[in-house]
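This report concerns only the one structure given below.
What follows draws every value from the coordinates through simple rules; no lab data is involved. Given the structure is predicted, the values throughout are model-derived calculations rather than measurements. Virtual Cβ from ideal backbone geometry, glycine too; neighbours counted across all protein chains shown.
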Amino acid sequence: MGVGKSTVGKKLASRMGVSFIDCDQELERRNGVTVTTIFDIEGEIGFRKRETRLLEEFAVKEMGVVATGGGVVTQEVNRVLLKQKGLVIYLNASVDLLWARLRYCKNRPLLETENPEERLRALFEQRDPLYREVSDIIINVGKGSALNTVRKIEQALKEH
């Protein structure tokens with residue numbers, strides 16, 4: 001969450017000449033409501049079920065660059081799909097950087113808590129090992145531009 005998956009994914013797909021899909025945006029398009037609304041109505045469990053169905057659909061298609069939601073790895077079925085069907089690039093950033101990017105953001109349902117920074121740290125601790133488990137490439141994201149991150153990915157892909 002907040003690492004730049006959508007921005008970087010879009011730029012990477014454009015440079016590679018392939019399609020780009022943002023899973024959260026696709027869920028919003030298909031359902032006619034925001035991710036926040038899905039969370040409000042169905043909770044995280046309902047949202048994750050929708051996310052898994054979308055990922056299963058994408059897994060049988062020839063896709064370009066797909067930006068998943070940050071919590072996609074929390075479901076074992078999703079980790080299996082990611083490992084089997086794609087090349088997974090984990091954009092990793094420090095919690096401090098993520099918090100600097102997200103501290104004023106109002107459309108992050110999982111951070112709508114009394115202590116959002118603590119919640120972000122807990123989510124990172126939960127998700128980081130899961131992303132490392134499924135990732136083929138890990139890119140450390142710093143304070144640089146999205147284009148800089150794309151260039152790191154391009155270099156890592158050449159080496160992969």
Practice problem: Treat the count of other C-beta atoms within 10 Å as a stand-in for reagent exposure and order Asp22, Asp40 from fewest to most. | Solution: Asp40, Asp22
Quiz prompt | Extension gain, Val77 back to Ser19 (0.36 nm per residue minus Cα-Cα distance, nm) | solution = 18.5 nm
Quiz item: Between Gly142, Gly86, Gly46, which gets the highest mean-square fluctuation from a Gaussian network model of the chain, Cα cutoff 10 Å?
Solution: Gly46
Quiz item: Once you list every other residue whose beta carbon is under 13 Å from the beta carbon of Thr74, what net charge do they have if Lys and Arg are +1 and Asp and Glu are -1?
Solution: -2
Self-check item: Calculated FRET value between Ile41 and Lys106, using beta carbons and R₀ = 22 Å, to 0.05
Solution: 0.75
Practice problem: Treating the Cα atoms of segment 59-160 as identical point scatterers in vacuum, please give the log10 of the normalised Debye intensity I(q)/I(0) at q = 0.10, 0.20, 0.21 Å⁻¹, two decimals. | Solution: -0.31, -1.17, -1.25
Exercise. Measure off 7 Å from each Cα along the Cα-to-Cβ vector at Glu154 and Thr34, then give the distance between these two points in nanometres to one decimal.
Key: 3.4 nm
Exercise. Scan around Asp22 for amide H atoms under 5 Å from its own, H built in the peptide plane at 1.01 Å from N, and keep only partners 5 or more places away or cross-chain.
Key: Ala67
Quiz item: Going by how many other beta carbons lie within 10 Å of each one, how would you line up Thr37, Thr68, fewest first?
Solution: Thr37, Thr68
Quiz item: Under a 5 Å amide H to amide H cut-off, with H placed in plane at 1.01 Å, what residues pair with Asn92 once short-range neighbours are removed?
Solution: Ile139, Asn140, Val141
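Could you work out the local net charge near Leu97, counting Lys and Arg as +1, Asp and Glu as -1, over the other residues with Cβ closer than 12 Å to its Cβ?
On the way: positive: Arg101, Arg103, Lys143; negative: Asp96.
Charge balance near Leu97 sits at +2.
All other residues with a Cβ under 14 Å from the Cβ of Gly142 taken together, and with Lys, Arg as +1 and Asp, Glu as -1, what is their net charge?
+3
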Quiz item: Can you give the direction-averaged projected area of the convex hull of the alpha-carbon atoms in segment 5-139, in nm²?
Solution: 8.2 nm²
Practice problem: Taking only Cα atoms and a 10 Å spring cutoff, compute GNM fluctuations for the chain and point out the largest among Val65, Val33, Val88. | Solution: Val33
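Using Cα pairs closer than 8 Å and at least 6 residues apart in sequence, work out the relative contact order for the chain, in percent.
Values: 160 pairs, mean separation 46.8, N = 160.
Reported relative contact order: 29 percent.
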Quiz prompt | Reachable lysines, given that their alpha-carbon falls under 16 Å from the alpha-carbon of Lys11 and they are not under 8 places away in the same chain | solution = Lys152
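Helix-only mean residue ellipticity at 222 nm, the chain, DSSP H runs n ≥ 4 weighted -39,500 (n - 2.57), per residue, nearest 500. What is it? It would help to have the intermediate numbers written out before the result.
Numbers: 7 runs with 97 residues, N = 160.
The per-residue figure over the chain is -19500 deg cm²/dmol.
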